[in-house]
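Here is the structure we will look at, set down as structure tokens.
The values are calculated or read from the model by the stated rules, or taken from the named source; none is laboratory data. This structure is a prediction, so every number in the text was calculated from the model and none was measured. No Cβ is skipped: glycine too gets one built from the backbone with ideal geometry, and neighbour counts run over all protein chains shown.
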Amino acid sequence: MSITRRILLKTSAAGGALAAFAAGFSDTARHLVGGARAADRPDDAISGNAPPPEFRVDPATGTVTPTPGQTVANVACLGCTTLCGVRVRVDTAANRVLRVAGNPYSPLSTDPFLPYATPIRESFASLTRLGERGLQGRSTACGRGNAALEMLTSPFRVTTPLKRVGPRGSGRWEPIAFDRLVEEIAEGGDLFGEGPVDGLRGLRDLKTPIDPAAPELGPQVNRVALLSSVNDGREPFVRRFFNQALGTINVVGHGAYCGGAYRSGSGAAFGDAKKMPHAKPDLRNAEFVLFIGTAPSNAGNPFKRQAMLLARGRTDGVLNYVVVDPVLTNADNRATADRANWVPIRPGTDGALVMGMMRWMFENGRIDTRYLSQPNGAAAEAAGEAGWCNATHLVIVQKGHPREGRMLRASDMGWVTLDEKERYGDRDAFVVLAADGAPVAHDAHGGAAALFHDGALETPDGALAVKTALTLLRDETMRLELSGYADVCGVPADVIAGLAREFTAHGKKAAANAHGGMMAGNGFYNAFGVVTLNTLIGNLNHKGGTIFGGGRFPDEQDGPRYKLASFPGQVKPSGIAISRPVPYERSGEFRAARAAGRPYPAKAPWYPNAPQLTTEYLTSGLVDGYPYGLKALFLWNSNPVYGIPGVRAAAEAALRDPATLPLIVAIDPFINESSALADYIVPDTVLYETWGWAAPWAGVPTKTTTARWPVVEARTERLPGGRHVQMETFLIALAMRLGLPGFGPDAIEDTEGNRHPLERPEDWYLRGGANVAWLGKQPVPDATDEDIALSGVARLLPALKATLKDGEWRKVAFVLARGGRYQDDGEGFAGDVATHRFKDPLLVYNEAVGTARSSITGRRWTGTATWMEPVFADGTPVRRVHTPEDWPFQVVSAKSVLVSAYTIAADRLRHLHPENPVGINADDARRLGIATGDRIRIATPGGSATATAIVRHGVMPGVLAVEHGFGHREYGARPHVIGGTRQPDVPEIGAGINLNDLGIADPTRAGASVWVDPIAGSAVRQGIPARLERLAVPA
Amino acid sequence: MDRSRRNFCLGAGAAAVGAAALAAPPADAAAARKGGDPANRWAMVVDVRKCVGCQACTVACIMENAVPANSFRTIVSTYEVTEGGRAGTAMLPRLCNHCEDAPCLPVCPTGATFQRRDGIVVVDNTVCVGCGYCVQACPYDARFINHETRTADKCTFCVHRVDAGLLPACVETCVGGARIFGDLNDPGSTVSRLVRTQAPKVLKPGQGTDPRVFYIGLDPNLEGKVEGTPTLWRPSARPHAHAPAAKEHA
């Protein structure tokens, strides 16, 4: 076989090789007298400047001898959202992190991972050449995880609180004393010589409604909002301040511009639109996995666990997998070409592919009827199933019936009489058809129920048209022929059928999975479809299928040692959040509009089947003040201006205008594209300076909690008493100045009723640690002195002893020394069934979705998975507005192997991969005369950018693939002036382009907007209409 | 000289080696070896099938060995390969091959480059004059002139860690478990077993260097002669202000 083209991807850095060599040569020619120049002479003649190894192991005796001056501490990485357990090697005298690798106790870094009881000394031995244990017990950090430590010492770190000089975004700052910072934010005043600004004291109005005519919006305090990023193990602390102490309802994470579409689609199948549960393939045992819009071993969460299990499964095990994506990634590996396959697809058409697969499965009898036909959990258990679903439950489909789209209930049949509150609630059973066709309550039926039914059913109110949930799904799949689905998605019909055949040829040891690639203008239904594939083969909770994950040992709950979830005087936030995650029909606006005879459209979309959404905060919320305006915005390690497609065009002017938004406070270690627009920046701790109790999102079958604790002293400004400026000390000081409940001398109650202070970060996290240590069947053992000494936990001893009780601190030290609490490896499954099961039914038909109406059109949504093309808010297909004739290309985002949105300042990653050339299909490139390295211009209806081209066969025709994480305007790309000192000039940080600057607005909406999925409200970055042109070569 | 092209064709001519093919070093070369324990012969097997191209090895090496900016002792070259119109990803982890008959040794005018008795090829930076002959002599592009010390630099198999009973940094942190390190003199070691049973290949066997870095599953596509013009991506961003031009060593 011949190779027609090879392209070096990812690693670049080859330019100028000869020049470097020549320079080195001519230079050294002058130094021929020998040896490295004295001034630069490395520490060692052979190993140069490599520091001494962290410990030695005697190959004969196995004795581990630590190196004086170094410790190896188990904490968490934050190079991406996986938050892997890592071991951090510290030069204690220099307060410097030398290197990072994996924590051998952590399932996120090691497989199999060490038994939890293993002494620390033995954990060290497990990583060495001794008996080749280090090859078996290898515990790793990824490329980014190895480099992230650079962020600790980055010259772009903010270490003192800053106050802006000049207008927002001027790039000029003055340091401000911590106490003064707290005073200004608490009390407000004429802070910038631009007029009065409300402080938090004035804004904390828990009584006065925002709008007396619309009391459902809640009190004035809701005009304060916090945008966070990922729960890095500290979000409960932040929520304690903003939700429970200050009292605003507006606290929101980054999901709406991360993987929200997948999570919402999964939430529809799992029956929870707010927490949006999601399962992951059990990669250790799966035989076939279909990845759609997610690229395991290229990126994703949990990155390393997926990558190591995938690599092993395809090499030593039985795993076959296919990745369906517009872009070829490192999920592929030609060395295992028979096990790994890539199927290119058009952006935003995954729903067509999976509906085609399901059609084939229905037509060929390839669904798991035993699983699907069990009407309740007990019946499923008796049938030997590991879970159940609502496939057999009847849905009212009578046109015009007041309960059209609702599940038929026992009370509809007259079998029970319930009062209004309980009717249609948990006690009102669903209805299924027994084998003889007789209707029966779903929870009263012992065996299989009818899978399919489409017809009338006699009820006390007469005949009612009903269908089973599975019938509704089957009807949806039949809307297009297989060839029709193939035409939509660009995957040939025989490939769709082949995928369906393979997916259904492994019993329950097959799985489908998706994630960030679902962020299209129809991502909700695409994702619902992918998850429904799993439902049809009944693989949830089953070995080799999809697993829900073991969950965590929660620190922030009430007990078993300390009450961290509740406190006297806590506020229960009320009202409607800015992003309107409730039915529009519950609003005063709707009632008024209905009274006026035109209930729809709402002024802007509402999202009853979504969680809170950052996507609406800065557009409809900030710019249009809908449903109410903001007076203070807190950004905690949050960067929506960089991360939300199209938001800069929509909202930057409003963010810069103090009249629109009087106060912006960023809590962040860096000046990012959003915090650059803040009035104040409060420096936060970075990585291994930080406390926290983190947990995996999914994919780990055993219970897992990862500890974060400061292994080095924070580089932020030191405060009296040894504290440092960071998120926690800032919020504590603010709370105490404002006299908020839940903080201060007696803020934390233990389970015996004694009261303890919350005045320092460790007051919270160590007591949370006590909860972690005491959860489970029995508390963890006490840490030994040797565990404490070897793990670096010794540096916490004063805090441990001062904060915790005599019986507690050694147990918490045991947890901290191991970098968390980890249920033992073998406990993930009992036989073929996952120990930690999702016990509720999966929903083939989601009643909440199927009865919700678009707040714009008033039309009902489909309650099952379906194929819907990408649309704007009013249902208009995007391609009807921005036609393929005008915009022949589609931009998609591709995850980076190395760079995440906030690690661009890590020099070593940039040296390895300095920019993100845009991938263009080879045929498209030939047509347009574009060659790799050419400069190109990409234009969308939302903006344009110039970029560098890389011509690839691994990109679907018509697609422009933009790797995420580049195109920064801040983080060092622009030097700021702080107190007269200018930051270094490193323009390389700004290399490449940011897809989100090309995001588009929704032209069917009246006010400010970014294009979002109409149900999930998630930002659209997959399939943005675009034009492409080659730029003339500069003279 | 188009060095980037050389990098690109690294895999050309890779051939399988069996245990029987593992030759002893030339007698004079063996006599010149010093340091290390002759009881060991350190080697690496790279199971390319398990490589995920994450560059953990690349960065771990930099952090462990304080490798200067924009230089690499090891790296994973990642290619898009196309055959019959079908595209795929190919990875090739690269490092010093610690050859049994290392061409970098005889060209060193000062004796700074030498081979330990356990097979690890190292450079004594107190002796090296930075003449660069060894950089040119290495067929694997595994060496470079360290722009801080102005002496020859390369992978040492993390000799300071190996001597301490530990594993090289790249092996410790290999996410896919592709890098396997051990003692060829120990028939029970994993590397010995893999070399015995998996018929691993080495890079450029025609050079007669007798490498001690072996590859399992080396993409046969990388063996063949490249047709057409291979396209090597180069960054357009100007080099870092404080660092010399970038170079993909190893």
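Quick notes on this one:
- Lone qualifier among B:Gly165, B:Gly182 - being more than 19 Å from the chain's Cα centre (by Cα), over 20 Å from A:Gly143 (Cβ atoms) and not charged (D, E, K, R): B:Gly165
- Qualifying residue in the range A:298-316 (condition: of a type outside the set (S, T, N, Q), under 20 Å from B:Asp219 (Cβ atoms), without any contact (Cβ under 8 Å) to a residue 40 or more places away in the chain and away from chain B (no Cβ under 12 Å)): no
- Each residue in the range A:167-212 was checked for being buried (at least 16 other Cβ atoms within 10 Å of the Cβ), β-branched (Val, Ile, Thr), assigned to a loop (DSSP other than H, G, I, E, B) and over 33 Å from the mean Cα position of the chain (by Cα), and 1 pass.
- Per-region count, the range A:288-308, residues more than 17 Å from the chain's Cα centre (by Cα) and farther than 14 Å from A:Asn513 by Cα: 2
- Residue in the range A:201-209 that is in the same structural domain as A:Cys84 (by TED's automatic domain parsing), in contact with a strand residue (DSSP E or B) (Cβ under 6 Å, 6 or more places away or on another chain) and of a type outside the set (Ser, Thr, Tyr) present: no
- Scanning the range A:229-248 for residues being buried (at least 24 other Cβ atoms within 10 Å of the Cβ) and either under 18 Å from A:Ala273 (Cβ atoms) or acidic (Asp, Glu) (or both) gives a total of 0.
- Cβ-Cβ distances below 6 Å connect no pair with a first residue in the range A:830-841 that is outside the structural domain of A:Lys280 (by TED's automatic domain parsing), a second residue that is loosely packed, with under 15 Cβ neighbours inside 10 Å and part of a loop (DSSP other than H, G, I, E, B), and a separation of six or more residues or different chains.
- Applying the criterion of at least 2 residues that are in the same structural domain as A:Pro115 (by TED's automatic domain parsing), modelled with pLDDT under 95 and among the aromatic types (Phe, Trp, Tyr) to the strands (runs of 3 or more DSSP E) found wholly in the range A:693-758 leaves an empty list.
Okay, residues lined up against (1) buried (at least 23 other Cβ atoms within 10 Å of the Cβ); (2) among the β-branched types (Val, Ile, Thr); (3) more than 7 Å from chain A (Cβ to nearest Cβ):
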site: B:Lys34; (1), (2), (3): no, no, yes
site: B:Lys50; (1), (2), (3): yes, no, no
site: B:Cys57; (1), (2), (3): yes, no, yes
site: B:Ala69; (1), (2), (3): no, no, no
site: B:Val76; (1), (2), (3): yes, yes, no
site: B:Thr82; (1), (2), (3): no, yes, no
site: B:Arg86; (1), (2), (3): no, no, yes
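The rows are residues; the columns are (1) hydrophobic (A, V, I, L, M, F, W, C); (2) surrounded by 16 or more Cβ atoms within 10 Å (Cβ to Cβ); (3) modelled with pLDDT under 95.
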residue: B:Gln207; (1), (2), (3): no, yes, yes
residue: B:Asp210; (1), (2), (3): no, yes, no
residue: B:Lys225; (1), (2), (3): no, no, yes
residue: B:Pro235; (1), (2), (3): no, yes, yes
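- Total residues in the range A:89-145, condition without any contact (Cβ under 8 Å) to a residue 12 or more places away in the chain and facing another protein chain (nearest Cβ under 8 Å): 3
- Residue check, A:Gly523 within 29 Å of A:Glu869 (Cα to Cα) and either of a type outside the set (Phe, Trp, Tyr) or in contact with a Phe, Trp or Tyr (Cβ under 8 Å, 6 or more places away or on another chain) (or both): yes
- Single match in A:Asp272, A:Asp282, A:Asp325 (criterion: more than 11 Å from chain B (Cβ to nearest Cβ), among the acidic types (Asp, Glu), surrounded by fewer than 24 Cβ atoms within 10 Å (Cβ to Cβ) and farther than 15 Å from B:Gly176 by Cα): A:Asp272
- Inside the range A:920-934, residues that are surrounded by fewer than 16 Cβ atoms within 10 Å (Cβ to Cβ) and among the charged types (D, E, K, R) make up a count of 3.
- Just one of the listed residues (A:Ala335, A:Ala380) is part of a helix (DSSP H, G or I) and within 14 Å of another protein chain (Cβ to nearest Cβ), and it is A:Ala335.
- The single condition among (1) crowded, with 21+ Cβ neighbours inside 10 Å; (2) touching a Leu at 6+ places or on another chain (Cβ under 6 Å) that B:Ser192 does not meet is (1).
- Residues that are more than 9 Å from chain A (Cβ to nearest Cβ) and touching a Lys or Arg at 6+ places or on another chain (Cβ under 8 Å), drawn from the range B:117-136: B:Arg117, B:Asp118, B:Gly119, B:Val121, B:Cys134
- Per the listing A:Ala1006, A:Ala1019, the residue uniquely of a type in the set (Gly, Ala, Ser) and either free of Cβ contacts under 8 Å to residues at least 60 places away in the same chain or closer than 24 Å to A:Tyr262 by Cα (or both) is A:Ala1019.
- Residue in the range A:341-360 that is assigned to a loop (DSSP other than H, G, I, E, B) and either without any contact (Cβ under 8 Å) to a residue 60 or more places away in the chain or surrounded by fewer than 20 Cβ atoms within 10 Å (Cβ to Cβ) (or both) present: no
- Index of the failed condition, A:Ala901 passing every other in (1) within 11 Å of chain B (Cβ to nearest Cβ); (2) closer than 19 Å to A:Asn672 by Cα: (1)
- For the range A:919-951, the tally of residues that are within 14 Å of chain B (Cβ to nearest Cβ), touching a residue at least 60 places away in the same chain (Cβ under 8 Å) and under 18 Å from A:Arg969 (Cα atoms) stands at 1.
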